[in-house]
Amino acid sequence: MGKSKVLVVGGTGYIGRRIVKASLAEGHETYVLQRPEIGLDIDKLQILLSFKKQGAHLIEGSFNDHKSLVDAVKQVDVVICTMSGVHFRSHNILLQLKLVEAIKEAGNVKRFLPSEFGMDPARMGHALEPGRVTFDEKMVVRKAIEEANIPFTYVIANCFAGYFVGNLSQLGRLTPPKDQVYLYGDGNVKVAFTDEEDVATYTIKGIDDPTTLNKTLYIRPPHNILTQSELIQKWETLTGNKLDKISITADDFLASMKGFDLAGQVGVGHFYHIFYEGCLTNFEIGEGSEEASKLYPQVEYTRMDDYMKIYV
(Lines give C-alpha, C1' and ligand atoms only; values in the text may rest on other atoms or scores of the structure.)
Protein backbone atom coordinates (compact mmCIF):
# COMPACT_ATOMS: atom_id res chain seq x y z
CA MET A 1 0.00 0.00 0.00
CA GLY A 2 1.16 3.51 -0.81
CA LYS A 3 1.17 6.32 1.70
CA SER A 4 -2.16 7.95 2.41
CA LYS A 5 -3.12 11.27 0.90
CA VAL A 6 -3.58 13.76 3.75
CA LEU A 7 -5.82 16.82 4.09
CA VAL A 8 -4.99 19.24 6.91
CA VAL A 9 -7.79 21.56 8.01
CA GLY A 10 -6.43 24.49 10.03
CA GLY A 11 -3.04 24.16 8.38
CA THR A 12 -1.93 27.74 9.07
CA GLY A 13 -2.35 27.36 12.85
CA TYR A 14 0.08 26.62 15.65
CA ILE A 15 -0.05 22.83 15.37
CA GLY A 16 -1.51 22.67 11.87
CA ARG A 17 1.50 24.15 10.12
CA ARG A 18 3.78 21.67 11.87
CA ILE A 19 1.56 18.78 10.80
CA VAL A 20 1.69 19.95 7.18
CA LYS A 21 5.49 20.05 7.41
CA ALA A 22 5.66 16.58 9.02
CA SER A 23 3.28 15.12 6.42
CA LEU A 24 5.43 16.44 3.57
CA ALA A 25 8.61 15.21 5.30
CA GLU A 26 7.15 11.69 5.57
CA GLY A 27 6.39 11.67 1.85
CA HIS A 28 2.61 11.96 1.98
CA GLU A 29 0.75 13.71 -0.80
CA THR A 30 -0.42 16.62 1.34
CA TYR A 31 -3.40 18.92 0.85
CA VAL A 32 -4.27 22.00 2.90
CA LEU A 33 -7.74 23.53 3.07
CA GLN A 34 -7.67 27.15 1.90
CA ARG A 35 -10.72 28.89 3.32
CA PRO A 36 -12.05 32.09 1.71
CA GLU A 37 -12.75 33.33 5.26
CA ILE A 38 -9.08 34.30 5.62
CA GLY A 39 -10.01 37.50 3.80
CA LEU A 40 -7.13 39.98 4.08
CA ASP A 41 -5.09 37.91 6.56
CA ILE A 42 -1.85 38.13 4.57
CA ASP A 43 0.13 36.09 7.12
CA LYS A 44 -2.16 33.07 6.67
CA LEU A 45 -2.07 33.41 2.89
CA GLN A 46 1.73 33.53 2.88
CA ILE A 47 1.91 30.41 5.06
CA LEU A 48 -0.39 28.64 2.58
CA LEU A 49 1.74 29.76 -0.37
CA SER A 50 4.89 28.57 1.42
CA PHE A 51 3.26 25.12 1.73
CA LYS A 52 2.58 25.18 -2.00
CA LYS A 53 6.26 25.91 -2.66
CA GLN A 54 7.17 22.89 -0.51
CA GLY A 55 4.92 20.62 -2.60
CA ALA A 56 1.56 20.75 -0.81
CA HIS A 57 -1.70 21.20 -2.74
CA LEU A 58 -4.13 23.94 -1.72
CA ILE A 59 -7.82 23.05 -1.88
CA GLU A 60 -10.45 25.77 -1.57
CA GLY A 61 -13.25 24.94 0.82
CA SER A 62 -15.50 26.67 3.32
CA PHE A 63 -17.41 25.59 6.40
CA ASN A 64 -20.26 27.64 4.95
CA ASP A 65 -20.30 25.52 1.78
CA HIS A 66 -21.02 21.84 2.48
CA LYS A 67 -20.35 20.72 -1.10
CA SER A 68 -16.89 22.33 -1.08
CA LEU A 69 -15.99 20.34 2.05
CA VAL A 70 -17.30 17.09 0.53
CA ASP A 71 -15.31 17.74 -2.66
CA ALA A 72 -12.16 18.43 -0.62
CA VAL A 73 -12.31 15.29 1.52
CA LYS A 74 -13.11 13.12 -1.52
CA GLN A 75 -9.58 13.80 -2.78
CA VAL A 76 -7.78 12.26 0.22
CA ASP A 77 -7.58 9.23 2.50
CA VAL A 78 -6.90 10.94 5.83
CA VAL A 79 -8.29 14.18 7.26
CA ILE A 80 -6.51 15.91 10.15
CA CYS A 81 -8.26 18.85 11.77
CA THR A 82 -6.20 21.26 13.86
CA MET A 83 -8.67 24.08 14.37
CA SER A 84 -8.14 26.08 17.53
CA GLY A 85 -9.89 25.11 20.74
CA VAL A 86 -8.30 27.66 23.06
CA HIS A 87 -10.13 30.76 24.19
CA PHE A 88 -7.23 33.21 23.90
CA ARG A 89 -7.02 32.50 20.14
CA SER A 90 -10.29 31.33 18.63
CA HIS A 91 -12.60 28.63 19.90
CA ASN A 92 -13.97 26.68 16.93
CA ILE A 93 -14.30 23.09 18.11
CA LEU A 94 -17.94 22.58 17.13
CA LEU A 95 -17.32 23.80 13.57
CA GLN A 96 -15.85 20.34 13.08
CA LEU A 97 -19.37 18.89 13.08
CA LYS A 98 -19.69 20.29 9.53
CA LEU A 99 -16.50 18.45 8.62
CA VAL A 100 -17.87 15.23 10.14
CA GLU A 101 -20.99 15.60 7.95
CA ALA A 102 -18.83 16.09 4.86
CA ILE A 103 -16.66 13.05 5.66
CA LYS A 104 -19.78 10.97 6.28
CA GLU A 105 -21.26 11.97 2.91
CA ALA A 106 -18.00 11.51 0.99
CA GLY A 107 -17.65 7.98 2.37
CA ASN A 108 -14.02 7.48 1.32
CA VAL A 109 -11.99 8.70 4.30
CA LYS A 110 -9.93 5.95 5.96
CA ARG A 111 -9.02 7.96 9.06
CA PHE A 112 -10.14 11.20 10.70
CA LEU A 113 -8.10 12.92 13.39
CA PRO A 114 -10.25 15.65 14.95
CA SER A 115 -8.83 18.67 16.75
CA GLU A 116 -7.73 17.19 20.07
CA PHE A 117 -3.98 17.56 20.83
CA GLY A 118 -4.40 18.56 24.49
CA MET A 119 -5.81 16.76 27.54
CA ASP A 120 -7.98 13.70 27.06
CA PRO A 121 -11.58 15.01 27.14
CA ALA A 122 -12.88 11.53 27.94
CA ARG A 123 -11.13 11.82 31.31
CA MET A 124 -12.33 15.37 32.06
CA GLY A 125 -16.00 14.87 32.84
CA HIS A 126 -15.39 16.45 36.26
CA ALA A 127 -13.66 19.57 34.85
CA LEU A 128 -14.35 23.00 36.33
CA GLU A 129 -16.41 25.73 34.71
CA PRO A 130 -15.89 27.67 32.53
CA GLY A 131 -12.99 25.66 31.07
CA ARG A 132 -14.92 22.41 30.83
CA VAL A 133 -16.57 23.63 27.61
CA THR A 134 -13.38 22.65 25.75
CA PHE A 135 -13.74 19.03 26.84
CA ASP A 136 -17.53 18.89 26.52
CA GLU A 137 -17.38 20.14 22.93
CA LYS A 138 -14.60 17.71 21.99
CA MET A 139 -16.78 14.88 23.32
CA VAL A 140 -19.71 16.12 21.19
CA VAL A 141 -17.43 15.86 18.13
CA ARG A 142 -16.24 12.39 19.17
CA LYS A 143 -19.83 11.22 19.55
CA ALA A 144 -20.68 12.46 16.04
CA ILE A 145 -17.61 10.71 14.58
CA GLU A 146 -18.39 7.41 16.25
CA GLU A 147 -22.12 7.53 15.43
CA ALA A 148 -21.19 8.09 11.77
CA ASN A 149 -18.82 5.08 11.91
CA ILE A 150 -15.92 7.21 10.70
CA PRO A 151 -12.54 5.55 11.42
CA PHE A 152 -10.60 7.77 13.84
CA THR A 153 -7.52 8.35 15.94
CA TYR A 154 -7.63 10.78 18.88
CA VAL A 155 -4.22 12.36 19.55
CA ILE A 156 -3.58 13.48 23.14
CA ALA A 157 -0.49 15.69 23.13
CA ASN A 158 -0.67 17.02 26.73
CA CYS A 159 1.34 20.22 27.45
CA PHE A 160 2.93 21.94 24.47
CA ALA A 161 6.44 23.00 25.41
CA GLY A 162 5.98 26.44 23.83
CA TYR A 163 3.22 27.25 26.30
CA PHE A 164 4.39 25.33 29.37
CA VAL A 165 8.18 24.85 29.36
CA GLY A 166 9.88 28.07 28.24
CA ASN A 167 7.87 29.95 30.88
CA LEU A 168 8.39 27.32 33.62
CA SER A 169 4.60 26.83 33.49
CA GLN A 170 3.81 30.37 34.64
CA LEU A 171 0.29 31.47 33.79
CA GLY A 172 0.04 34.57 31.58
CA ARG A 173 3.55 34.63 30.09
CA LEU A 174 5.63 32.69 27.54
CA THR A 175 9.20 33.50 28.61
CA PRO A 176 11.14 32.40 31.71
CA PRO A 177 10.81 34.52 34.87
CA LYS A 178 14.01 36.29 35.94
CA ASP A 179 13.82 36.35 39.75
CA GLN A 180 10.86 34.45 41.19
CA VAL A 181 8.68 31.57 40.10
CA TYR A 182 5.24 30.46 41.29
CA LEU A 183 4.98 26.83 42.34
CA TYR A 184 1.64 25.07 42.11
CA GLY A 185 1.29 23.51 45.56
CA ASP A 186 4.55 21.70 46.31
CA GLY A 187 5.41 21.54 42.59
CA ASN A 188 5.69 17.76 42.70
CA VAL A 189 2.80 16.65 40.49
CA LYS A 190 3.94 14.80 37.34
CA VAL A 191 3.11 16.53 34.05
CA ALA A 192 3.66 15.35 30.45
CA PHE A 193 5.39 17.94 28.25
CA THR A 194 5.77 17.62 24.46
CA ASP A 195 7.74 19.40 21.77
CA GLU A 196 5.31 20.60 19.11
CA GLU A 197 7.43 19.29 16.22
CA ASP A 198 7.38 15.85 17.86
CA VAL A 199 3.60 16.04 18.23
CA ALA A 200 3.36 16.53 14.47
CA THR A 201 5.82 13.72 13.74
CA TYR A 202 4.03 11.21 15.96
CA THR A 203 0.64 12.26 14.54
CA ILE A 204 1.75 11.56 10.98
CA LYS A 205 3.42 8.27 12.00
CA GLY A 206 0.04 7.13 13.33
CA ILE A 207 -2.21 7.83 10.35
CA ASP A 208 -1.39 4.68 8.34
CA ASP A 209 -0.73 2.47 11.35
CA PRO A 210 -3.47 -0.13 11.97
CA THR A 211 -2.39 -0.20 15.64
CA THR A 212 -3.84 3.28 16.19
CA LEU A 213 -7.11 2.73 14.30
CA ASN A 214 -10.14 3.71 16.41
CA LYS A 215 -7.86 4.34 19.37
CA THR A 216 -6.49 7.18 21.49
CA LEU A 217 -2.81 7.93 20.86
CA TYR A 218 -1.15 9.50 23.90
CA ILE A 219 2.11 11.38 23.40
CA ARG A 220 3.77 10.90 26.75
CA PRO A 221 7.54 10.38 26.19
CA PRO A 222 9.04 9.08 29.46
CA HIS A 223 11.92 11.59 29.70
CA ASN A 224 9.42 14.44 29.39
CA ILE A 225 7.20 13.39 32.28
CA LEU A 226 8.41 15.89 34.85
CA THR A 227 7.16 17.78 37.88
CA GLN A 228 7.14 21.56 37.82
CA SER A 229 9.93 21.49 40.43
CA GLU A 230 12.05 19.27 38.16
CA LEU A 231 11.42 21.63 35.25
CA ILE A 232 12.57 24.61 37.33
CA GLN A 233 15.61 22.69 38.54
CA LYS A 234 16.61 21.95 34.94
CA TRP A 235 16.33 25.66 34.13
CA GLU A 236 18.40 26.66 37.17
CA THR A 237 21.09 24.14 36.22
CA LEU A 238 21.12 25.46 32.66
CA THR A 239 21.36 29.13 33.65
CA GLY A 240 23.22 28.93 36.98
CA ASN A 241 20.52 31.24 38.37
CA LYS A 242 18.48 30.24 41.44
CA LEU A 243 14.91 31.50 41.49
CA ASP A 244 12.82 32.39 44.54
CA LYS A 245 9.94 29.92 44.78
CA ILE A 246 6.51 31.08 45.92
CA SER A 247 4.07 28.26 46.58
CA ILE A 248 0.37 28.80 45.81
CA THR A 249 -2.19 26.59 47.53
CA ALA A 250 -4.95 25.04 45.43
CA ASP A 251 -7.58 27.19 47.16
CA ASP A 252 -5.67 30.42 46.54
CA PHE A 253 -5.03 29.45 42.93
CA LEU A 254 -8.71 28.78 42.27
CA ALA A 255 -9.70 32.00 44.08
CA SER A 256 -7.48 33.94 41.64
CA MET A 257 -9.93 33.00 38.86
CA LYS A 258 -12.20 35.87 39.88
CA GLY A 259 -9.69 38.44 38.64
CA PHE A 260 -9.51 37.08 35.09
CA ASP A 261 -11.56 37.47 31.93
CA LEU A 262 -13.15 34.36 30.38
CA ALA A 263 -9.98 33.19 28.61
CA GLY A 264 -8.01 33.62 31.84
CA GLN A 265 -10.60 31.72 33.87
CA VAL A 266 -10.45 28.84 31.38
CA GLY A 267 -6.66 28.85 31.75
CA VAL A 268 -6.80 28.78 35.56
CA GLY A 269 -9.16 25.80 35.48
CA HIS A 270 -6.98 23.85 33.05
CA PHE A 271 -3.80 24.64 35.01
CA TYR A 272 -5.54 23.44 38.18
CA HIS A 273 -6.36 20.06 36.64
CA ILE A 274 -2.82 19.69 35.26
CA PHE A 275 -0.67 20.93 38.14
CA TYR A 276 -2.74 20.16 41.25
CA GLU A 277 -4.78 17.16 40.16
CA GLY A 278 -2.21 15.54 37.86
CA CYS A 279 -4.82 14.76 35.18
CA LEU A 280 -2.19 14.07 32.49
CA THR A 281 -0.33 11.34 34.37
CA ASN A 282 -2.58 9.95 37.13
CA PHE A 283 -3.68 6.94 35.07
CA GLU A 284 -2.21 4.03 33.13
CA ILE A 285 -2.54 3.97 29.35
CA GLY A 286 -4.80 0.97 28.91
CA GLU A 287 -7.08 -0.82 26.48
CA GLY A 288 -8.14 1.19 23.45
CA SER A 289 -5.06 3.40 23.76
CA GLU A 290 -1.41 3.49 22.70
CA GLU A 291 1.62 5.57 23.68
CA ALA A 292 3.45 7.18 20.77
CA SER A 293 7.07 6.98 21.96
CA LYS A 294 6.67 3.22 22.55
CA LEU A 295 5.03 2.65 19.16
CA TYR A 296 7.61 4.71 17.27
CA PRO A 297 10.94 4.38 19.13
CA GLN A 298 12.75 5.49 15.95
CA VAL A 299 11.56 9.06 16.62
CA GLU A 300 14.27 10.85 18.58
CA TYR A 301 12.02 13.14 20.57
CA THR A 302 13.24 16.43 22.01
CA ARG A 303 13.91 16.34 25.73
CA MET A 304 12.98 19.38 27.75
CA ASP A 305 16.60 19.99 28.82
CA ASP A 306 17.41 20.60 25.16
CA TYR A 307 14.20 22.47 24.43
CA MET A 308 15.01 25.06 27.12
CA LYS A 309 18.41 25.99 25.68
CA ILE A 310 16.92 28.43 23.16
CA TYR A 311 15.60 30.57 26.07
CA VAL A 312 19.02 31.10 27.70
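Of all DSSP bridge pairs formed entirely within the stretch 117-238, close to 35 percent run antiparallel.
With a simple spin-label model that places each label point 7 Å from the Cα along the Cα-to-Cβ direction, the separation between residue 197 and residue 294 comes to 2.7 nm. Between the C-alpha center of the stretch 95-144 and that of the stretch 237-258 there is a gap of 33 Å. Distances between placed amide hydrogens fall under 5 Å for residue 58 paired with 32, all partners being 5 or more residues away or on another chain. Distance between the modelled labels on residue 14 and residue 163, one decimal in nanometres: 0.4 nm (7 Å Cα→Cβ projection). Converting phi to 3J(HN,Hα) with the Karplus coefficients 6.51, -1.76 and 1.60 and the offset θ = phi - 60°, the stretch 120-126 yields 7, x, 5, 9, 10, x, 9 Hz in sequence order, with x at every glycine or proline.
Charged side chains reduced to their Cβ positions (Lys and Arg at +1, Asp and Glu at -1) give the stretch 8-57 a dipole of some 100 debye around its Cα centre.
For the stretch 232-312, what is the relative contact order in percent, using Cα pairs closer than 8 Å and at least 6 residues apart in sequence?
Details: 25 pairs, mean separation 26.2, N = 81.
Relative contact order, the stretch 232-312: 32 percent.
So, R0 is 25 Å and r is the distance between the beta-carbons of residue 108 and residue 38; what FRET efficiency does that work out to, to 0.05? Here the calculated transfer efficiency is 0.40. Nonpolar atom fraction for the chain, defined as the carbon and sulfur part of the 1.4 Å probe accessible area, stands at 51 percent. Take a quick pass over the stretch 11-92 and tell me how many lysine pairs come in under 19 angstrom between Cα atoms, counting only ones 8 or more apart or on separate chains. Going through the stretch 11-92 pair by pair, I get 5.
Within the stretch 119-138, what residues put their amide N at less than 11 Å from the label point 7 Å along the Cα-to-Cβ vector of residue 276? Residues 128 fall inside that zone. Note on the stretch 1-59 and the stretch 154-188: Cα centroid distance 29 Å, given to the nearest whole angstrom. The slack between residue 71 and residue 245, meaning 0.36 nm per residue of separation minus the straight C-alpha distance, is 57.1 nm. In a simple Cβ point-charge model (Lys, Arg +1; Asp, Glu -1; nothing else charged), the chain has a dipole of about 560 debye relative to its Cα centre. Which Cα, out of 232, 263, 221, lies furthest along the positive dipole direction of the stretch 221-312 (beta carbon charges, K/R +1, D/E -1)? The one lying farthest along the dipole's positive direction is 232.
The orientation-averaged projection of the convex hull spanning the C-alpha atoms of the chain amounts to 16.1 square nanometres.
If you stretched the chain out fully between residue 252 and residue 238, how much longer would it get, using 0.36 nm times the residue separation minus the C-alpha to C-alpha distance?
Answer, rounded to one decimal: 2.0 nm.
The values are calculated or read from the model by the stated rules, or taken from the named source; none is laboratory data. Note that the structure is a prediction, hence the values are computed from the model and not measured. So basically every Cβ, Gly included, is an ideal-geometry build from the backbone, and we count neighbours across all protein chains shown. Just so you know, the surface numbers come from the protein's heavy atoms only, side chains and all, with ligands and any DNA or RNA stripped out. Shrake-Rupley method; radii C 1.70, N 1.55, O 1.52, S 1.80 Å.
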